[in-house]
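Working notes for the structure below.
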Amino acid sequence: MPGTRPVIAAACPVPGNTADARAWRASGLSTYCQGVTVLGDGAYLNCGMVVPHRKRPRRPLLPGKEDDNAAHRKVRAQVEHVIGRMKNYKILRDCRQHGDGLHHAVQAVAHMHNLALAS
């Protein structure tokens, strides 16, 4: 449906020094996201996600690839705005990263977000 952007999954947090691609692979989210287009930034190369095309040294991107990157930026901006809105929930602001507390809070907020979209 146009205008709806449900959250389908959220993973447990990993230590801050864990690479994004490694955290994605370890999270198991790829099994939940099969058949769904998943966007990532340049850190998610070879993870099965749609990532922006890279510009090679001294070579401009082809026009089609430039258009792909522009579309990618627009969708990623919407995703970042959703994450920003989720941070407005007090439970996430007050939650500390001890144990599974943050994970459960994010899952609860994602569920509330989906319920709000459905109503």
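Okay, here's what the table says:
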{"quantity": "Residue-wise HN-Hα coupling along the range 112-118, computed from phi with Karplus coefficients 6.51, -1.76, 1.60 (Hz; x: Gly, Pro)", "calculated": "4, 4, 5, 5, 5, 5, 6"}
{"quantity": "Separation in nanometres of the label points that stand 7 Å from Cα toward Cβ, at Leu62 and His103", "calculated": "4.2 nm"}
{"quantity": "Hits among lysines - C-alpha to C-alpha of Lys65 under 20 Å, sequence gap 8 or more where chains match", "calculated": "Lys55, Lys74"}
{"quantity": "Relative contact order of the chain, defined on C-alpha pairs under 8 angstrom at six or more residues apart (%)", "calculated": "31 percent"}
{"quantity": "222 nm mean residue ellipticity, helices alone, for the chain (DSSP H n ≥ 4; -39,500 (n - 2.57); rounded to 500)", "calculated": "-15500 deg cm²/dmol"}
{"quantity": "Length gained when the stretch Asn114-Val36 is fully extended (0.36 nm per residue, less Cα-Cα span)", "calculated": "26.4 nm"}
{"quantity": "Environment charge at Cys47 (Cβ cut-off 12 Å; Lys +1, Arg +1, Asp -1, Glu -1)", "calculated": "0"}
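Here, each number is a calculation from the coordinates, and none is a lab measurement. Being a predicted model, the structure only gives us computed values, none of them experimental. Glycine also receives a Cβ, built like all others from the backbone with ideal geometry; neighbour counts cover every protein chain displayed.
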